[in-house]
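Remarks on the structure that follows.
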Amino acid sequence: MKFINILKVLSIVLFASFIMVSCEKETIDDTTINEGTIDPPVENKANHVIGRSTNTGEDGVSFDCFDVLFSFTLVDIEDNEYVIENEDDFNNLLQDSLVIIVDFVYPVDIQYEDGNITTIEDTEEFAEAFSECLPNGWDEELFPAYVINDETSCLSIVYPISVSNIDGEIETAQSESELVALIAQEPYFFVFPFSLIDEDANTITVNDIDDLLEALITCNNGVDTIFWGNGVEYYGCYQLTFPFDVVLVNGSIVTVNDHMEYCDLMLGGQLVNFAFPLTLIDLEGNEVVANSQEELDALIMECEGWNPNFEVGDLIILLSGTGVPDSTNFEYCYDVNWPITANELDEDGEETGTSVVINDLMEAWNLFGQNEFVNYSVDYPIDVTMVENGSLVTITNTDQLLELLEDCY
């Protein structure tokens, strides 16, 4: 079995590791209106989203994944209009406690994070644009609901879907339009489990936030980040140094300034490739530059111990069905009944004569925490306990291990 094929078997573990290291978001704020933004709209008057702006800047007012560009006009509860040319105009209006803003005067221009500008014609279009923004904050239990469809991902929500507000009150959206309407009223959060459907009409059940993030990340078919060390910051044995440029699915080139921006693009399925030249840091701390994909591939081949054609040992295959250390939400197939014995392999898949006794899951994963890729076979038989029903299974060879994994995933 070649290494490149086993990556498919291991994708669930690798993505989970990526999420834990590099895509954790800070705890969400349970308030509907952010401090310093427009007063919340009056019920049944107009746009409920308008009170959920996040900040103002030189170009406009931010709403998660887009800015409403200056200049624009706001309207209050008494239908008075206020022309906003810049940040000062906006902030001065906020300081007037007698003014209750309920909506924009349409059309307005919005600019997305990738630089694309579009015109919004009415409140409904504004709510739809906002509902498609990838959430910019979540915690271990609450993931803000947003519209997942072929505009925002390679996956789509299977309706009906249940969502809850911050007080735990549950609503059911029978369609995308109903979900948009709910999100426009107030912040809602996904209720797990729910289902997604991919481009090949395969249904994917997501049971928790880890499952959801894992599914979203798989939409990136171009930039193939290799998890070698401490997560997404590395490509092969080279450190990715921020900022760097990437190519998006729409053909545009954008600059990625930090981990969170990179994470958001990956979760949105937006990445196609790195933009060149790309500057990397090698293991000795030296800068190296790849001017093309061919040069980047050549650099990866120079990583110590990196050989995409070597035979993968059974230990890493075994670990693809286990849990991830320190993860409480990661869904997996079985628990290994430790201890087991692993035998070091060379690049040709031959045992070197060096063996190690592994006493728990953390010890097993630590074997793969070095810069040089280490590869191990295992001594059979190995007993595992199935998570689903608690049954004991004895694995006697590689084929049986692979069959067990296929049944799990």
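Points to keep in mind about this one:
- In loop segments of the range 62-162 as defined by DSSP, there are no chymotrypsin sites (Phe, Trp or Tyr not before Pro) with at most 13 further C-beta atoms inside 10 Å of their C-beta.
- Within-10-Å neighbourhood charge of L74 [Cβ basis; K, R +1; D, E -1]: -4
Any read-out appearing in this document is the output of simple, stated calculations on the displayed coordinates, not a laboratory observation. The shown structure was predicted, so the numbers you read here are calculated from the model rather than taken from an experiment. Cβ sites come from the backbone with ideal geometry, for glycine too, and all protein chains shown count toward neighbours.
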